[in-house]
Amino acid sequence: MECDMAGGKLVQWLKRINVVLFCVVLVACGGGSSGEAIGTDDTIEVPRETTETIGDNKYTTIQRQANLGELRYSSISAEEFITQYFLLAGQVSSTQFMLSEPQTFVIPENTVSFSLNFNNPLAGNDVFVGELENPSGVKISLWDLIPCFSGTCSMVMPNRPNALYQPEAGEWKYSVLAEKSAVEHGHLNNASINMLIRTNDFPQGQGGLDATLRVQPYYTGGTTSLDAVSSIMNSLATIFLINNIGLDWLPAKHIVPNAFSTMIPDYSDVKTQVLMAYGEANVINVYFVEGFEEEQEGAGALVHPGMSEEVRAIIGIAAGIPGSLGTKGDANGVMVALGVGHEGQFEARSYLEVAETAAHEIGHFLGLFHTTERSGGVDPLPDTPNCNEERPDDGALPSADECPDGHNLMFPIAREDGELGITLTADQRFVLANSPMAQ
């Protein structure tokens, strides 16, 4: 079955380059009220050539395997690499990189949003998206658009209201930036390239909710009850509703093996990849685990308010900014800890704390950055407040009650004063409402 897109032009183009076209199935369902147990040997659904329209929106995924090693690459001198990719140059161990010939994809008319990601074990270490050019011929900065880590490079358009970052119809171009030895030794031969395109033939309606997000919750281990997960999901729905975004959550599923009770907060870890395989392509997958095995600071982490400044614990982590939207795989979901602790001693967190963390990680998964990073960086949205307060000698970010963005959902540290940090700015709501995963 062929997807009817823009007079068949996209389908014809895909046929010419032998891309396999698949379409996401999105089915509206009510809030979760009952649980379903699933086992590790459940067969993972194979994508099908289908398309689904919900209201005025049509959701289409494109998936193909690519041999990045067969692309034609041009060498970049170390000086040129440091000059043009200076932010990246500070993160990698080699300055010997090569840039591929441009690759193309077509975005149809009436596109609300689209995401693009590719998966390769070297993504985030030796493979990156080097250049992006829109149909108007404008090259777009990638450093705050396509973060690459844990084997995945992802982007979403729009990721802000600015005109430059809109899903312009026409032919887009991108180039792969790869470490020279990875190219020469054939380490780029296997990669999956995925797209999710949301189109709408009619202008967005006025009034009512900005959008609705469809969420599939999972819970692991033997100490968490379905009632507890339902309470957390109800709190999560309230947090988004306060920001005029609906939450359509499906019945929670219990992942039976206790092997997933505690997880390492790393999406390149084999156990994490097995857990992610339970997720469906057409929803936002949220995995509630009992706790994380490693206590460390991470890109998607919050700090537990009850722990001392010297001991910080990961309580939530997302697969990317954004994750692999609309695609089954290693970057398809967020993990949230129901408890925190040290050396196997976990203390349960309140349902509201867990829900707040889940909302924060969903924000990352759909493309939102921290308002202020511990490194000093800030998110790219113009209306988001940032914390420019004086840092202590160790460079740590001040507490939330000292920062103007301390009540924002995407502030990276949980509040210690008992107040909620759940607000979103208009631009942050814009990113979520226009997500390819939103309805």
Q) Which ³J(HN,Hα) values, rounded to whole Hz and listed in residue order, are derived for the stretch 429-439 from phi using the Karplus coefficients 6.51, -1.76 and 1.60 in 6.51 cos²θ - 1.76 cosθ + 1.60 with θ = phi - 60°, glycine and proline given as x? A) 5, 4, 4, 5, 5, 9, 4, x, 8, 8, 10
(Q) Suppose R0 equals 51 Å. What FRET efficiency, 1/(1 + (r/R0)^6) with r the Cβ-Cβ distance, do residue 78 and residue 238 give to the nearest 0.05? (A) 0.45
(Q) Please list, ordered by chain and number, the residues whose modelled amide H lies under 5 Å from the amide H of residue 284; skip anything fewer than 5 residues away on the same chain. (A) 214, 215, 216
Q: May I ask you to derive the relative contact order of the stretch 211-433, considering only C-alpha pairs under 8 Å and at least 6 residues apart, and to give it as an integer percent?
A: 19
Q.
I want the local charge near residue 68. Using Cβ-Cβ distances under 14 Å, sum +1 for each Lys or Arg and -1 for each Asp or Glu among the other residues.
A. -2
Q) So, counting K/R as plus one and D/E as minus one, what does the shell of residues with Cβ under 12 Å around residue 240 add up to? A) -1
Q) Among 75, 399, which comes first, then next, by fewest other beta-carbon atoms within 10 Å? A) 75, 399
Q | Violating pairs (Cα-Cα greater than 32 angstrom) within the set 139/180; 139/253; 180/328 | A | 139/253
Q. Taking the Cβ-Cβ separation of residue 92 and residue 53 as r and a Förster radius of 30 Å, what is the calculated FRET efficiency to the nearest 0.05?
A. 0.10
**Q.** Cα→Cβ-extended label distance, 7 Å offset, between residue 388 and residue 352, nm
**A.** 3.2
**Q.** Cα-based Rg / Dmax (Å) for the stretch 211-433
**A.** 16.2, 48
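FYI, it's all coordinate maths here, none of it is from the lab. Computed from a prediction, not measured in an experiment: that's the story for all the values here. Quick reminder, even Gly has a Cβ in these numbers, built from the backbone with ideal geometry, and neighbours come from all protein chains shown.
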